[in-house]
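Below you'll find the structure, written out as structure tokens, and then a few comments.
The values are calculated or read from the model by the stated rules, or taken from the named source; none is laboratory data. Keep in mind it's a predicted model, so treat the numbers as computed, not measured. Calculation scope for accessible area: heavy atoms of the full protein, side chains included, ligands and nucleic acids excluded. Shrake-Rupley method; radii C 1.70, N 1.55, O 1.52, S 1.80 Å.
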Amino acid sequence: MSIDSETVPGPEAGIDPNALRDAEDRISPLWLERLRAYLDAGRGDDVAAVMEPLHAADVGDVLESFDAEERLALVRMLGDRFDYSALTEVDESVRVELMDELSNADIARGVTGLDSDDAVAILEDLEQEDRDEVLSQLPTFERLSLKRSLDFPEESAGRRMQTDFIAIPPFWTVGQTIDYLRSEPDLPDEFYQIYVVDASYQVLGTIPLDKFLRAARATSIETLMNTNFVLVDANEDQEEAARDFERYDLVEVGVVDESRRLVGVLTIDDIVDVIHEEADEDIKLLAGVGDEDISDTTIDTVRSRVPWLVVNLFTAVAVSYVIGLFDGTIEQMVALAVLMPIVASMGGNAGTQTMTVTVRALAMRELDGRRLRRLITREMVVGLANGVIFAVLIGLVTWLRFGNLELGGVIGLAMVINLIVAGTAGILIPLALDKLKADPAIASAVFVTTITDTVGFFAFLGIAGLWFGLF
């Protein structure tokens, strides 16, 4: 394939990094078209010149904009010039699919020299046999460091931590520390504080860089260090670690093992990723789509959604059974069939609102005894208030539409009952699931909508049957 230099500028024309994205901050189709042309023509140097200025996050966006064959061609053409940290910026399905096509030797070469947290994020997606082979090809110190991180549980602080940090003894001075920092070649690329440790690497204190840089050279480290500091256990869930960052306004925190020895650090960029991932996971679980990504295949998407749709099918059958109990009532007054979905729908929406607030409060650990009682009381009162408001509205609409004031009163009373039940169920069901050690974000929606649908239909049709003597 030939490339017209006027339509696809070469490196001699200069590379404008801003041309990567359009006015809406999406990857520019024209930019991608130029990169595809270089790929198709086998112009590896031009591909490298276009990709070299990009941040790893932008490279990740480019990879996700390509199909599987194009991604693999791009990575192979770049070879040693491909930044493997970009693989931490793509959906898991994209990363796994790409690594399945790369050799273990390529992966080993790519992760060598990466920050330990990025290397772990890539290696943990490999099968154990492939992971061991990759690790065996790494330098000894790096291999042992990564293996230790991988030994910690998934989604733990130990998996997220960086193993490079600055640790010094308490008997040094500021001047000695500065000389050490200037002469040591293997320092972390970025760090925010210095850790003061004893001979067994037990943390004695921390020194923020701003405080360190303002101190005189003769100042003793022991007199300068903060002894009131926060540490995170390596086995602690990453969400708990993120909560510590939020609570104490941290930018970096030390990670310790079961012997309380310093083994790594968590920095704010790691925690931002954790917060995003956890929020993304909760949103997906509330909708019953598991860990689905937009890059997943059709088969994976179907497999992810079917289980909860099956559960919804059974709950819908149960609700239909309740409606079937009143088939005679509905036959005698057709207006009931027109109006009954309104009560159930309003209850479902109200219950979902309360459920969302409750699930979030549980995730943020905001519900102590006093707050819990207040929340339950508040939601029941809110349900009553909303019930009265919408009872009046739907009652007037029913009266005007069907010319039946009594029918308006029936649906209004059913609306009050269902919205009170919706508010109560929306808070009690997530609490009950949490007590049973089940994830409220996964199962709450199914139970809440089932209860509000059942109560809504039963209340409306039952009250109508009694009121109009239709039984």
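Of all beta bridges DSSP finds with both residues in the chain, what is the antiparallel percent, to the nearest 5?
Among the beta bridges of the chain, antiparallel pairing accounts for roughly 75 percent.
Ellipticity at 222 nm from helices only: DSSP H runs of n ≥ 4 in the chain, each -39500 (n - 2.57), divided by the residue count, give -20500 deg cm²/dmol. What is the angle, in °, between the Cα long axis of helix 238-248 and the longest principal axis of the Cα atoms in the chain? Nearest 10 is fine, range 0 to 90. Between helix and principal axis, roughly 80 degrees. Excluding same-chain neighbours fewer than eight residues apart, the aspartates and glutamates reachable from Lys211 by a Cα-Cα span under 18 Å are Asp179, Glu190, Glu222, Asp249, Glu252. Take every pair of alpha-carbon atoms less than 8 Å apart whose residues are at least six positions apart; their mean separation over the length of the chain yields a relative contact order of 10 percent. Counting only protein heavy atoms and a 1.4 Å probe, tell me what percentage of region 191-277's accessible area is made up of carbon and sulfur. Ligands and nucleic acids excluded, carbon and sulfur give 50 percent. Ligands, DNA and RNA left out, the 1.4 Å accessible surface of region 330-375 is 55% carbon and sulfur atoms.
If the viscosity is 0.692 mPa s and the temperature 37 °C, what Stokes-Einstein diffusion coefficient in µm²/s follows for the chain when Rh is the Kirkwood radius over Cα pairs? Rounded to a whole number, D works out at 121 µm²/s. Helix 335-363: angle to the longest alpha-carbon principal axis of the chain, degrees 0 to 90, nearest 10? Roughly 30 degrees between the two axes. Rolling a 1.4 Å probe over the protein heavy atoms gives the chain an accessible area of 53 Å² per residue. Compared with the dominant principal axis of the Cα atoms in the chain, helix 268-287 is inclined by about 30°.
Sorted largest first by accessible area at a 1.4 angstrom probe radius, with every protein chain in place, the residues Arg160, Arg360, Arg365, Arg378 fall in the order Arg365, Arg360, Arg378, Arg160.
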